[in-house]
Amino acid sequence: MNDFNFYSPTRFVFGRGACDRTGSALSEAGFARVLLVYGQGSVVRTGTLDRVRTSLDAAGIAYRELGGARPNPEVGLVRTGIELARDAEGVDAIVALGGGSVIDTAKAIALGVPYDGDVWDFFCKRAVPAAALPVASVLTIPASGSEASDSCVISNDELGMKCGVNTDLNRPALAIMDPELTFTLPSYQTAAGITDMISHVMERFFSGEKGVPVTDHIACGLIRAAMEAAPRVMADPADYDARANLMWVGTLAHNGIAGCGLNVPGARDGDWTCHGMEHELSALDTRITHGAGLAVIFPAWMRYVWTAHPERFLAFAYEVFGIEPVDPADDDLAGIDEEITPERAVHDAVTCAIDEVQDFFVSLGMPRTLGELGVTEEDIDRLLEGLRVTRGERFGTFRKLTLEDARAIYRSAL
Ligand code: NZQ
Ligand code: ZN
């Protein structure tokens, strides 16, 4: 087990009606004046915004509002939010009401308020954040894990880029998690969220480092729990228990607990190549949903790299799907024409597990190919150009890849 440094300061207020306790929870955390950030209207239509306003009023919390954060949130709204938070004398926290896009908008505002320069400096790595306002969230979609993560991902339309900043300053102080708020999610968003949370676990599991039983069991347990709840919410969007399980999986998948000890010394806790490759898709076309892009990229990456550490894929295959390589000496194989070598048995078991992952995503309504996302061969050069800026010439820890490897992976997914 590698040495690690894990910080997870978020308080979670979880359960039915939790959203009505937003005001009191903020007050107990010591906040009195907040900027309330939300998205493009779902919280207005569902009545959640009104419920949160009522609870803020009841707790005596003063607030200003900033709506309009879009999926793959843009830095322009972040700049507006920074101005708003500075104007409103003494804003002491930024409160997000929504999913990853809203929470990341809130996190970026929180980083930008105490900074003299332009907030994009943090995303293009021109500056490193030194301070941030506290962030709280009322989560409406389990997916990004941003409600407890150290990450913040923002798009810049002018530059055609989507970049992340990882710092413990991004860790929210408070997350209000009310599974009933997720009953209204469109099935595509539910599915994309499930894909994203499973991907967060897999990025860490396939870090390239040696297995860590305690962390591996947490990781595979989270994936199994998500896979068990997924068909239930697809069949019945108001299945509280399944929604609640997914909501908590989404948090634990990305607060860092699923990577402790698997972190590569001196680097992040995981490989994160698939996220890098997916962020280029969302930068290319901001209508591409993060989870949908991952559903295509992750299996393609797995097929390309698994031979670097077959033992990790065999552990995953067994723990998640109960798949084991056949024993070539097994008498039952005597009737099969082809010779089953030990290498062939491993190849087949790993391929079978990767097929299971991909078929599961597709069963939820996620795409299998880049073509289904409108991405073609002609787009690949542009994707690689972005990857060169965000990841460099060589990246990845499970297997070091070059931009030409990334080209091959994108191509294999067309
Ligand atoms: O904008 P509104 O109208 O609210 O609609 C949203 C949006 O269209 C809708 N929605 C959310 N909750 C709903 C709802 N509709 C009905 N009922 C509800 N209860 O769902 C759509 C997607 O929302 P979004 O916030 O974009 O989803 P998600 O949570 O998947 O966030 C995606 C963003 O997070 C980033 C992604 O790259 C992407 O930009 N990520 C952030 C991470 C982090 N900060 O730790 C890690 C992730 O890997 C990811 O990169
Ligand atoms: Zn993600």
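The values are calculated or read from the model by the stated rules, or taken from the named source; none is laboratory data. Keep in mind it's a predicted model, so treat the numbers as computed, not measured. Cβ coordinates were reconstructed from backbone atoms using ideal geometry, including for glycine residues, and neighbour counts include every protein chain displayed. Accessible surface is based on the protein model in full, side chains and every heavy atom, while ligands, DNA and RNA are left aside. Shrake-Rupley method; radii C 1.70, N 1.55, O 1.52, S 1.80 Å.
Solvent-accessible area per residue for the chain at a 1.4 Å probe radius, Å²? Present the calculation step by step, with values, prior to reporting the outcome.
Numbers: 16570 Å² over 414 residues.
Counting only protein heavy atoms, the per-residue value for the chain is 40 Å².
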C-alpha center-to-center spacing [the stretch 281-323, the stretch 71-117] in angstrom: 32
All aspartates and glutamates inside 18 Å of Lys107 as judged from Cα atoms, apart from same-chain residues fewer than 8 positions distant: Glu65, Glu74, Glu83, Asp87, Asp92, Asp116, Asp118, Asp121, Glu147, Asp150, Asp168
Paramagnetic reach from Lys210 in the stretch 309-327 [backbone N under 15 Å; point 7 Å along Cα→Cβ]: 311-312
Selection from Ala253, Ala315, Ala329 lying farthest towards where the dipole of the stretch 187-412 points positive, charges on Cβ: Ala253
Shape of the stretch 187-412, Cα gyration tensor, a/c cut at 1.5: rounded
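What does DSSP give for the chain in terms of the percent of beta bridges that are antiparallel, rounded to the nearest 5? The partial results should precede the final answer.
Details: 8 of 32 bridges.
Beta bridges within the chain, antiparallel portion: roughly 25 percent.
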Rounded, prolate or oblate (a/c below 1.5 giving rounded, otherwise prolate when a/b exceeds b/c) for the stretch 11-182 by Cα gyration tensor: prolate
Cβ crowding within 10 Å averaged over residues, with 165-176, 192-203, 129-140, 21-32 ranked highest first: 192-203, 129-140, 165-176, 21-32
Probe 1.4 Å - accessible area at Asp348, Å² to nearest ten: 60
Eligible aspartates and glutamates near Lys210 by straight Cα distance, threshold 16 Å, same-chain separation 8 or greater: Asp3, Asp269, Asp271, Glu311, Glu319
The stretch 305-414 - convex hull of the alpha-carbon atoms, volume per residue in Å³: 146
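Report the convex hull volume per residue for the stretch 344-395, counting only C-alpha atoms, in Å³.
Values: hull volume 6.8 nm³, N = 52.
Considering the Cα atoms of the stretch 344-395, their hull volume per residue is 130 Å³.
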Residues of the stretch 349-389 with amide N under 15 Å of the 7 Å Cα→Cβ point at Leu414: 369-384
Size of electric dipole in the stretch 11-182: Cβ of Lys, Arg +1 and of Asp, Glu -1, about Cα centre, debye, nearest 20: 260
Highest-first arrangement of 305-317, 69-81, 248-260, where packing means the average Cβ count within 10 Å: 248-260, 69-81, 305-317
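Given the Cα-Cα distance of Thr167 and Asp236 and 0.36 nm per residue of separation, how much length would full extension add, in nm?
On the way: separation 69, 0.36 × 69 = 24.84 nm, distance 3.74 nm.
Residue separation times 0.36 nm, minus the Cα-Cα distance, leaves 21.1 nm.
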Estimated FRET transfer efficiency (Asp355, Glu89; beta-carbon r; R0 45 Å; 0.05): 0.20
Along each principal axis, Cα extent of the chain, largest first, Å: 77, 43, 42
Accessible surface of Phe6 - all protein chains present, 1.4 Å probe, nearest 10 Å²: 80
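With charges set only on the Cβ (+1 for Lys and Arg, -1 for Asp and Glu), what does the dipole of the chain come to about its Cα centre, in debye to the nearest 20?
Values: 35 positive and 59 negative charges, 317 e Å.
Using only the charged Cβ atoms, the result is roughly 1520 debye.
Based on alpha-carbon positions alone, could you give the equivalent ellipsoid semi-axes of the stretch 130-209 from the gyration tensor, as √(5λ), descending, whole Å? Before the final figure, lay out the partial values.
Values: eigenvalues 92, 69, 50 Å².
Working from the Cα gyration tensor, I get semi-axes of 21, 19, 16 Å.
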